[in-house]
1. Look at segment 124-163 and say how many of its residues are basic (Lys, Arg) and under 15 Å from the mean Cα position of the chain (by Cα).
2. Checking the condition at pLDDT below 95 and surrounded by 18 or more Cβ atoms within 10 Å (Cβ to Cβ), which residue from 79, 108 passes?
3. Would you confirm whether or not segment 96-115 contains a residue that is within 19 Å of residue 7 (Cβ to Cβ), out of contact with any helix residue (DSSP H, G or I) (no Cβ under 9 Å at 6 or more places or on another chain) and not charged (D, E, K, R)?
4. Closer than 20 Å to residue 64 by Cα and modelled with pLDDT under 95: does that describe residue 124?
5. Checking residue 73 against (1) within 13 Å of the chain's Cα centre (by Cα); (2) within 26 Å of residue 105 (Cβ to Cβ); (3) surrounded by 16 or more Cβ atoms within 10 Å (Cβ to Cβ), which test does it fail?
6. With of a type in the set (A, V, I, L, M), over 25 Å from residue 30 (Cβ atoms) and surrounded by 18 or more Cβ atoms within 10 Å (Cβ to Cβ) as the only criterion, which of 145, 84 stands out?
7. Output the residues belonging to segment 47-70 that are aliphatic (A, V, I, L, M) and under 11 Å from the mean Cα position of the chain (by Cα).
8. Tell me which residues, restricted to segment 46-66, are farther than 13 Å from residue 20 by Cα, crowded, with 17+ Cβ neighbours inside 10 Å and of a type in the set (Ser, Thr, Tyr).
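The values are calculated or read from the model by the stated rules, or taken from the named source; none is laboratory data. Note that the coordinates shown come from a computational prediction; the quantities given were computed from them, not determined experimentally. Here Cβ is always computed from backbone atoms with ideal geometry, including for glycine, and neighbour counts include all displayed protein chains.
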Amino acid sequence: MFKNIRHDLRAHHGDWGAQGFWALLIYRFGRWRYHVRPAMLRKLFSFIYRLLYKMVQIVTGIELPCEVPIGKNFCIEHSGGIVVSGFARFGDNCRIRNGVVIGLSRVSDPGAPVFGNNVDVGAGAKVLGHIRIGNNVCIGANAVVLQDVPDNCIAVGVPATIKVRKLPV
């Protein structure tokens with residue numbers, strides 16, 4: 001848990017006051033509590049987690065449930081209006097910004113996006129459905145992504161169109 005918290009703090013440029021870091025701190029605590037023994041102590045920590053989760057959700061506008069597997073160096077650039085489904089998954093070095101929604105396309109299909117490594121999600125983007133977002137992908141601001149995005153691509157527009165990303169030489 002503490003190693004991941006150090007990575008999260010580094011991803012937020014050492015800013016303890018960053019609201020995205022607060023949300024990740026509570027997220028890491030929520031993941032850690034699953035391994036606490038005995039069960040009564042785990043239940044106490046679960047109660048504390050639920051209170052802290054709701055507090056962070058109200059204060060920062062970030063909904064990041066502890067059921068979501070997140071890699072290291074995850075960064076929430078700006079707070080407010082961020083909703084992440086408990087079915088989503090993130091790789092390492094991912095970054096999201098304010099107004100991002102990551103979740104289900106339909107309630108009847110409980111599949112959410114799976115993100116690779118080095119994914120950058122622009123402000124206001126919506127990434128919905130049982131899709132895969134590859135490695136080294138940029139999702140533009142306000143894009144609505146409803147289909148898989150291959151590695152080294154950019155997704156922009158409503159609905160999103162996929163373009164090959166020109167990487168620096």
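1. 2
2. On inspection, the qualifying residue turns out to be 79.
3. Yes; the residues of segment 96-115 include at least one that is within 19 Å of residue 7 (Cβ to Cβ), out of contact with any helix residue (DSSP H, G or I) (no Cβ under 9 Å at 6 or more places or on another chain) and not charged (D, E, K, R).
4. Here the answer is no, as residue 124 does not meet what is asked.
5. Going through the list (1) within 13 Å of the chain's Cα centre (by Cα); (2) within 26 Å of residue 105 (Cβ to Cβ); (3) surrounded by 16 or more Cβ atoms within 10 Å (Cβ to Cβ), residue 73 breaks only (2).
6. 145
7. 62, 64, 68, 70
8. The one that is farther than 13 Å from residue 20 by Cα, crowded, with 17+ Cβ neighbours inside 10 Å and of a type in the set (Ser, Thr, Tyr): 49.
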